[in-house]
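Single-structure report; data block below.
The values are calculated or read from the model by the stated rules, or taken from the named source; none is laboratory data. Nothing here was measured: the structure is a model prediction, and the numbers come from that model. Note that we place each Cβ from the backbone using ideal geometry, even for glycine, and neighbour counts take in every protein chain shown. Calculation scope for accessible area: heavy atoms of the full protein, side chains included, ligands and nucleic acids excluded. Shrake-Rupley method; radii C 1.70, N 1.55, O 1.52, S 1.80 Å.
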Amino acid sequence: MRWTNALIPTLKETPADAEIISHKLLLRAGLIRKLTGGLYIFLPLGLRSLRKIEQIIREEMDRAGALELLMPALQPPEIWQQSGRYETARDVLFKVRDRSKKEWVLGPTHEEVITTLAAGEINSYRQMPKNFYQIQTKFRDEIRPRFGLMRAKEFIMKDAYSFDATDDGAMASYQKMYDAYTRIFARCGLKAFPVEADTGVIGGSHSHEFMVPAETGENEVAFCEACGYAANIEKATSGLPKTAAREIGAAVEKFATPGVVTIEALSKAPYSVPANRQIKTLVYIADSKTVLVLIRGDDQLNETKFMAKTGAVEVRPATPEECLGTLGAKPGSLGAVANVPADVEVFADERLRGANDMTTGANEDGFHLKNVSIERDLKVTQWFDLRTVRAGEPCAKCAKPLKIRRAIEVGHVFKLGTKYSEKLNAVFLDETGKSNPSVMGCYGIGVTRTLQAVIEQSNDKDGIIWPLAVAPYQVIITPLGVVAGSPIMTLAEKLYADLTAQGVEVLLDDRDDRPGVKFKDADLIGIPIRIGLGEKSLANGEVEIKRRGGEMTLAKTGEALANVLELVRAGG
RNA sequence: CGGGGCGUAGCGUAGCUUGGUAGCGCGUCUGAAUGGGGUUCAGAAGGUCGUGAGUUCAAAUCUCACCGCCCCGACCA
């Protein structure tokens, strides 16, 4: 491609609405333009990189035995009602009406559609395992789109769905995708690593997310460098000891704490109750039921764990008025010892199990209770791990300290089980002639997000540093002086033709611009290999070959082609 | 949905407090010089100042409403 024939609108200045480096570079390098919030146009250069990522995904999915198909983005709401997600996923569902006023949904994902297909086409264990995938535009009514392609209303996703006759088969399918994902991200030049994850609204029994470390990521990951344990903070556990039991057995005693409504205030004089001897009592509305959640005063509730453990779909903290109505006191004086209505379930964090000599609210504004023994003085419906781990806590597996870092989620693999196959009737006959629901898995990659993650991870002050495999062009030729027929331009044209003939993707910067402009733009758009042609080096019969972000070398004009070919092949 | 910030030429912005001819840089076009890291000079085009009401002799500027964009939050009593 000749630059003068292309559209590569680079920007010297950063557009005002970009915050993170990858978003700025997407705009500055002329890869995308914003149509409106959360919706972007892929310009030719951006599309080329996007297609390369898609191609890598296709090759690895095919290699793993998955079958590509293409499903409609527009879907009937009936199948969403059947799966139950018309309700549970309603916040992200875009809905439209046709001319007869019938409602449709724009697919945020395709479990319902693929399961409907399987229900009709997969009727025997002999047809399994099967894994179907597509690369397609998804629509999600995000609460807040942000950071360019990172979280958009419309984005491109690779989604795959496996169907197996047995649980073991499903695990094997899962493992194949796990391995394929590892290869895909490595080939994209991304340092991505798998972490244990919550399954969320998709459902299913277990899952891994593939994470790209980045300060700007929206996720937090807890990990152990010693043993390799890694989990999303929403799921992570640690090996902390339970709260120490003490000798005393005194009866519960009420004491006045006027104006004290925080853990911190109670931990100070004159009360001086350390946060780790306090029970924090949280009132939640979980699927319209009022419940209590108890965690230690120095811990934080992990709402995702709470939802996962209790199976609740919609969860919110109760309002102060609701707390007053349920327990007779306002937040700050709440407890589970007295006045808990019989129909209110009490969930407690494991770390409190067996604790005594604790202090908690008295359910009477301005009063707390001390000498509280969990087992003796209050009724816990169920114990769960509900707390959020913190950096420095011992790893549950090897006791070395955990670290926490932020990361971008680029892929997610789920073992789904039979949740969708049961609801949408995707059943098959096994060897004995018995009808069973298929065991499913689903596997997503955010393709557009992956593109941005590559940039977020691979850049310097001058611009993008594309990994060769996903660069929009592999080579840029930068002639300093573009007079047709000049020695420089003649050589530039020849290298351009020869490299193109060898299948190399080359951008020829034939603009009549000053060297500085061309170098800056070449760095900004991040083409991995630059061939510089100028009078100085050409006078010695040499051309310059420079890796983006690396050293410059000189090559004899006659050897330039071979040298560049070698670089391209080695880096691919 | 709550909070904060912002909307002035393709991009980045000044002007708004204290109402009175809309300014600068980049980019674009023309010409000239220059020619190895966003060069320089001369000239030019390009604006419903987000939209609508209101106040006023007069509104980019003040008031109200709406729209849009960006950031934080929508767990931790």
Let me spell it out: the conditions are (1) among the hydroxyl-bearing types (Ser, Thr, Tyr); (2) open to solvent by less than 20 Å² (accessible area, probe 1.4 Å); (3) away from RNA strand B (no atom under 15 Å from the Cβ), and A:Thr360 meets all of them except one. Which number is the exception? (3)
Any chance you could count how many residues in the stretch A:29-46 are hydrophobic (A, V, I, L, M, F, W, C), open to solvent by 60 Å² or more (accessible area, probe 1.4 Å) and more than 12 Å from RNA strand B (Cβ to nearest atom)? 1
Take the stretch A:160-194 and flag every residue that is open to solvent by less than 10 Å² (accessible area, probe 1.4 Å) and either under 17 Å from A:Lys419 (Cα atoms) or over 14 Å from the mean Cα position of the chain (by Cα) (or both). A:Ala160, A:Tyr161, A:Ser162, A:Phe163, A:Asp164, A:Ala170, A:Tyr174, A:Met177, A:Ala180, A:Ile184, A:Cys188
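Considering only the stretch A:363-401, state which residues are among the hydroxyl-bearing types (Ser, Thr, Tyr) and surrounded by fewer than 16 Cβ atoms within 10 Å (Cβ to Cβ).
A:Thr381, the sole residue that qualifies.
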Residue tally, condition assigned to a loop (DSSP other than H, G, I, E, B) and either open to solvent by 10 Å² or more (accessible area, probe 1.4 Å) or among the polar types (S, T, N, Q) (or both), over the stretch A:123-148: 10
Hey, among A:Ser537, A:Ser486, which residue is near RNA strand B (Cβ under 7 Å from one of its atoms), out of contact with any helix residue (DSSP H, G or I) (no Cβ under 8 Å at 6 or more places or on another chain) and of a type in the set (S, T, N, Q)? A:Ser537
Qualifying residue in the stretch A:87-97 (condition: touching a helix residue (DSSP H, G or I) at 6+ places or on another chain (Cβ under 7 Å), over 24 Å from A:Ile57 (Cβ atoms) and in contact (Cβ under 8 Å) with a residue 60 or more places away in the chain): yes
Test for A:Ser458: is it open to solvent by 20 Å² or more (accessible area, probe 1.4 Å) and over 24 Å from A:Ala118 (Cβ atoms): yes
Give me the pairs, please: first residue somewhere in the stretch A:544-572 and more than 19 Å from A:Pro479 (Cα to Cα), second residue anywhere and among the hydrophobic types (A, V, I, L, M, F, W, C), beta-carbon distance under 6 Å, and either six or more positions apart or on two chains. A:Gly549/A:Ile465; A:Leu567/A:Ile529; A:Val568/A:Val504; A:Gly571/A:Leu468; A:Gly572/A:Leu468
Quick one: in the stretch A:97-122, which of the residues that are in a strand (DSSP E or B) and under 12 Å from A:Phe139 (Cα atoms) is least open to solvent (accessible area, probe 1.4 Å)? A:Val105
Using the structure shown, decide if A:Ile79 is part of a helix (DSSP H, G or I), buried (at least 19 other Cβ atoms within 10 Å of the Cβ) and assigned by TED's automatic domain parsing to the domain that holds A:Phe163. no
Select, from A:Gly259, A:Gly217, A:Gly228, the only residue that is assigned to a loop (DSSP other than H, G, I, E, B), within 13 Å of RNA strand B (Cβ to nearest atom), open to solvent by 50 Å² or more (accessible area, probe 1.4 Å) and more than 26 Å from A:Arg85 (Cα to Cα). A:Gly259
Might you check whether a residue that is within 30 Å of A:Lys400 (Cα to Cα), of a type in the set (A, V, I, L, M, F, W, C) and not assigned by TED's automatic domain parsing to the domain that holds A:Thr360 occurs anywhere in the stretch A:300-310? no
Of all residues in the stretch A:391-426, which are out of contact with any Leu (no Cβ under 7 Å at 6 or more places or on another chain), charged (D, E, K, R) and in contact (Cβ under 8 Å) with a residue 40 or more places away in the chain? A:Lys397, A:Lys400, A:Lys403, A:Arg405, A:Arg406, A:Glu409, A:Lys415, A:Lys419, A:Lys423
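Is one or more of the residues making up the stretch A:416-437 among the small types (Gly, Ala, Ser), more than 30 Å from A:Gly84 (Cβ to Cβ) and at pLDDT below 95?
No, the stretch A:416-437 contains no residue that is among the small types (Gly, Ala, Ser), more than 30 Å from A:Gly84 (Cβ to Cβ) and at pLDDT below 95.
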So, in the stretch A:318-344, of the ones that are open to solvent by 20 Å² or more (accessible area, probe 1.4 Å) and in contact with a strand residue (DSSP E or B) (Cβ under 6 Å, 6 or more places away or on another chain), which residue ends up nearest to A:Ile374 (Cα to Cα)? A:Val337
If we only count helices (runs of 4 or more DSSP H) wholly inside the stretch A:462-572, which ones have 1 or more residues that are surrounded by fewer than 22 Cβ atoms within 10 Å (Cβ to Cβ) and either within 43 Å of the chain's Cα centre (by Cα) or assigned by TED's automatic domain parsing to the domain that holds A:Arg51 (or both)? A:487-501, A:515-525, A:560-571
Restricting the stretch A:259-295 to residues that are out of contact with any Gly (no Cβ under 8 Å at 6 or more places or on another chain) and of a type in the set (Lys, Arg), which is nearest to A:Ala342 (Cα to Cα)? A:Lys289
Considering only residues that are over 11 Å from the mean Cα position of the chain (by Cα) and either at pLDDT below 90 or open to solvent by less than 40 Å² (accessible area, probe 1.4 Å) (or both), which ones fall in the stretch A:195-214? A:Asp198, A:Thr199, A:Gly200, A:Val201, A:Ile202, A:Gly203, A:Gly204, A:Ser205, A:His206, A:Ser207, A:Ala214
Please go through the stretch A:300-335 and pick out each residue that is more than 8 Å from RNA strand B (Cβ to nearest atom) and part of a loop (DSSP other than H, G, I, E, B). A:Gly311, A:Ala312, A:Val313, A:Glu314, A:Gly328, A:Ala329, A:Gly335
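Results for (1) assigned to a loop (DSSP other than H, G, I, E, B); (2) within 11 Å of RNA strand B (Cβ to nearest atom); (3) surrounded by fewer than 15 Cβ atoms within 10 Å (Cβ to Cβ), shown as yes or no for each residue.
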site	(1), (2), (3)
A:Leu7	yes, no, yes
A:Ala18	yes, yes, no
A:Leu27	no, yes, no
A:Glu59	no, no, yes
A:Tyr86	no, no, no
A:Val92	yes, no, no
